[in-house]
Amino acid sequence: MSPFFLRLSSVMLAGLLLGLAKPLSAQTQPAGRATSQEPQRYEIGGITVSGARFLDANTLIGLTGLKVGDPVSIPGEELGRAIRKLWDQGILGDVQVVVDRVEGNRVFLDFQLKERPRLSKIFFTGISKTQADDLRNKIKIVRGKVVTDALLSNTRQAVRKFYTDKGFMNVKVNIAQEADSTLPNSVELVIDVDKGDKVRISDIAFIGNEAIADGKLKGKMKKTKEKKPYKFLNSGKFQKAEFEADKEKVIEFYNSQGFRDAIITADSLVTVKDKKGEAEKLQLRIYVEEGPKYYFRNITWNGNYLYDDKTLASILGIKKGDTYSKESLDKRLNYNPTGQDVTSIYMNDGYLFFQIEPVETRVEGDSIDIEMRLTEGVQARVKDINIAGNTKTSDHVIRRELRTLPGDKFNRELLIRSQRELASLGYFDPEKVGMNPVPNPADGTVDINYSVVEKPSDQITLSGGWGGYAGFIGTVGLVFNNFSLRKASELRNWRPVPGGDGQRLALNVQANGLQFQSYSFSFTEPWLGGRKPNALSFTLNKSIQRFSTGSNFDVRAGSFIKVNSASVSLGRRLRWPDDYFTLSNSLSFSQYKLKDYPYFSGFSTGNANNFTFNTTLARNSTDNPTFTRRGSALSLSLNLTPPYSVFPGAHPNVNEWVEFHKWMFDASWFTPLGGKFVLNTRAHFGFIGRYNQNRQIGPFERFKLGGAGLGFGGAANFLVGTEFVGLRGYDDPNEQFAIQNPNSSGGVAYNKYVMELRYPVSLNPAATVYVLGFAEAGNAFENYSTYNPYKLYRSAGVGARIFMSAFGLLGFDYGYGFDTVTPYAPTNGKQDRGKFHFIIGQQIR
């Protein structure tokens with residue numbers, strides 16, 4: 001019997017005896033009345049409380065549920081209920097009720113209480129101050145709270161869980177109460193923690209599995225891993241909650257392989273002792289019963305009127321004799337990320353209220369019959385589109401990207417596509433673009449609520465230093481990716497610049513003393529006229545590069561190249577072959593002025609003009625611009641100059657009017673692998689041709705391969721008219737062991753292939769970070785007679801990318817070049833196989 005009921009029984013008996021001792025009990029009982037040992041009925045004449053020093057007596061009396069004038073039996077349930085009500089408050093350490101006196105049929109009760117102490121402070125012993133602070137934040141015990149048994153138990157369990165989650169399975173927690181002399185009825189809790197040794201799982205063994213090997217089952221457990229010397233990333237900690245979740249993953253994997261009856265019957269931890277007999281690691285044993293393997297047999301359809309059985313069976317793609325898998329069945333019925341599913345053909349045609357339920361109608365041996373029960377419902381149309389969270393970006397910028405419009409039939413595919421388009425804008429956190437359809441069954445419509453979280457999209461580049469004779473080296477760059485020219489006329493919108501209309505404004509100034517200066521300006525309106533996604537862009541550039549002469553490095557009297565250029569382009573989205581395609585056309589004009597320029601073979605002094613028409617056909621279906629998980633990006637571009645050499649009376653100077661046709665192809669595919677890993681494979685090709693076979697290909701627009709792809713020594717790309725292509729693990733184009741002779745104009749063709757395995761470290765929009773491992777190969781060729789697509793320079797390495805909204809993309813790579821490069825000049829040095837590369841900006845090739 002519990003202490004509470006013992007106390008209650010003793011109180012009731014004491015009350016009975018006390019009542020019998022009063023004069024009332026001495027009276028002779030009339031015939032037919034209960035004896036003195038039976039319950040007696042009284043009227044409560046008064047209620048008092050004793051022992052309450054800090055609690056209000058009237059409040060306590062109110063909690064009993066009794067009041068003066070109420071009838072009460074002694075012994076009886078009324079007093080028992082009153083004691084329970086006081087006890088349930090958790091603020092009392094002891095509760096007793098006694099009969100103070102009896103006057104006639106009136107009884108006077110006294111509740112004798114003992115108050116529990118209140119908490120004043122918490123102290124931890126046996127652990128560090130940092131851990132103690134973490135525990136205080138974890139436990140969150142409020143000062144002044146009554147110290148109850150539940151509080152002590154919960155505190156003890158919270159401390160234990162804190163350390164068991166860290167792998168301390170044998171932690172011991174002892175809580176002592178010490179009176180606080182500074183506060184009345186208060187105690188200090190002294191929590192002594194003995195963590196013991198951290199235990200790790202040395203081995204995981206599955207027992208009873210025959211169809212599936214241990215290795216595959218271990219691989220399905222995400223948090224419960226073995227601690228091995230070669231497994232650097234696995235801590236080997238045993239966490240009960242994580243282990244329970246991992247067991248479910250093991251069973252889910254069994255179910256996906258046809259073992260629908262598979263269960264884990266037991267698991268055990270066996271402590272492994274070291275030579276000193278102290279606990280060191282754990283062995284984890286998991287006992288499984290696989291059961292038989294099942295197969296699909298007959299699949300029938302019921303309730304389908306829009307599509308016949310044959311069509312639905314074709315989309316489902318499950319045949320008689322296929323391994324039975326609930327996971328696979330659910331994907332093919334409801335959501336298949338890599339293809340079409342049954343639900344999608346209904347939802348993409350407006351049937352938002354469509355439902356399908358697979359029911360096992362018969363299990364015979366190892367075969368299962370399934371009946372698909374469909375409720376097609378009615379077509380729903382989009383009613384209202386609501387947008388929330390855009391504190392900067394205008395509503396019309398978001399709405400013009402949506403593929404779900406009021407009045408249209410509901411379409412799940414277009415809903416997902418709208419989410420992708422918003423994520424690709426670059427103005428919002430791509431991980432937090434939300435979409436929530438809210439059905440209205442009463443009128444057959446659906447409201448769609450989109451939610452976004454703004455992130456900084458403007459970028460600033462500030463860098464400077466002192467570079468020898470060149471003097472100050474500095475760069476100032478500003479990119480406003482969500483600019484608003486419409487709001488620029490009002491001063492109140494300059495905070496710091498007007499924004500929200502999705503326009504792009506970029507300004508950049510570079511200076512390296514008198515040696516190099518460059519200025520650029522560009523503006524892009526992505527929706528010209530506001531009705532169609534026709535992107536109009538203007539770009540202006542001006543640069544000058546001087547080269548020093550003489551021993552005093554005087555650049556003012558040396559050679560130089562000056563370039564002035566301007567371009568205008570118009571791009572639009574296509575609807576065929578699908579609406580992921582875009583087509584852009586541009587016209588550009590560049591004027592070159594050269595004096596003793598050393599990097600264009602055959603042309604060092606003079607003027608050149610380059611008038612170019614560019615057309616680019618591209619398709620981009622990637623899901624996230626900062627860390628892409630799936631999709632592809634393809635681009636085919638053609639640069640054409642007028643064929644001056646075929647015109648009558650063509651000038652013999654081939655460089656006065658630059659003439660060429662240039663073809664570029666870039667392809668990039670993203671494939672999600674297990675966990676968070678993503679495989680990115682890329683292929684890049686470039687070719688320059690001529691119209692007149694009697695004229696040589698000029699020095700402009702050629703390809704130079706190597707390094708980070710940023711130009712001379714990884715510095716600014718001041719060699720205008722040259723296409724720089726990175727190849728990690730090898731020298732930049734002007735260095736001693738460059739793949740090509742730096743004194744040459746560059747290649748007329750190049751090939752490059754890349755494989756990157758990426759893993760995200762942080763997807764925070766303020767700083768998206770991922771690491772990568774790469775293998776790549778490429779080469780550039782001086783002429784087509786030496787072109788060989790199989791002669792490639794190979795490399796491999798590791799790197800990291802950091803995308804910060806304010807500064808754009810920063811990259812760090814270490815590449816190792818496997819192939820020997822012949823230096824372009826005699827040298828006593830040796831090729832450095834390992835290279836560090838620093839990358840700024842998005843690298844396309």
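The numbers here are math on the coordinates, done by the rules we state, and not lab data. Everything numeric here is computed off the predicted structure, so don't read it as measured data. Counting neighbours? That spans all protein chains shown, and the Cβs are built from the backbone with ideal geometry, glycine included.
Measuring between their Cα centroids, region 482-523 and region 593-621 lie 26 Å from each other. Between the amide H of ASN779 and those of ASN751, TYR793, distances stay under 5 Å, these residues lying 5 or more places away or on another chain, with hydrogens modeled in the peptide plane. Modelled label positions at LYS172 and LYS310, each set 7 Å beyond Cα in the direction of Cβ, lie 7.7 nm from each other. With the dipole of the chain worked out from charges on the C-beta (+1 for Lys and Arg, -1 for Asp and Glu) around the Cα centre, which of ILE387, PRO760, ALA262 lies farthest toward the positive end? The one lying farthest along the dipole's positive direction is PRO760.
Please arrange VAL497, VAL479 by how many other C-beta atoms lie within 10 Å of their C-beta, fewest to most.
Listed from fewest to most nearby Cβ atoms, that is VAL497, VAL479.
For ASP819, nonlocal amide neighbours, meaning residues 5 or more places apart or on other chains whose placed amide H falls under 5 Å from its own, are ARG794. As a proxy for reagent exposure, ILE460, ILE561 were ordered by neighbouring Cβ count within 10 angstrom, fewest first; the result is ILE460, ILE561. 3J(HN,Hα) along region 515-529, derived from phi through the Karplus expression 6.51 cos²θ - 1.76 cosθ + 1.60 where θ = phi - 60°, amounts to 6, 8, 9, 8, 9, 9, 9, 8, 9, 10, 10, x, 10, 5, x Hz, with x in place of Gly and Pro.
Can you pick out the pairs among LYS114/LYS195; LYS542/LYS704; LYS121/LYS223; LYS249/LYS432; LYS752/LYS835 whose Cα atoms lie more than 25 Å from each other?
Flagged as over cut-off: LYS114/LYS195; LYS121/LYS223; LYS249/LYS432.
Placing unit charges on the Cβ atoms only, positive for Lys and Arg and negative for Asp and Glu, gives the chain a dipole magnitude near 1500 debye about its Cα centre. Straightening the chain between SER50 and VAL497 buys 153.6 nm, computed as 0.36 nm per residue apart minus the Cα-Cα spacing. Averaging Cα coordinates gives a centre for region 399-424 and one for region 62-100; these two points are 65 Å apart. Using a Förster radius of 56 Å, what is the FRET efficiency between GLN693 and ILE416 based on their Cβ-Cβ separation? Nearest 0.05, please. So, using R0 = 56 Å, E works out to roughly 0.60. Charge dipole (Cα centre; +1 on Lys/Arg Cβ, -1 on Asp/Glu Cβ; no other charges) of region 118-194 amounts to roughly 280 debye. Extending 7 Å from Cα along the Cβ direction at LEU528 and again at GLU252 yields two label points whose distance is 5.0 nm. One chain, two ends: VAL190 and VAL98. Fully extended at 0.36 nm per residue, the span grows by 29.5 nm beyond their Cα-Cα distance.
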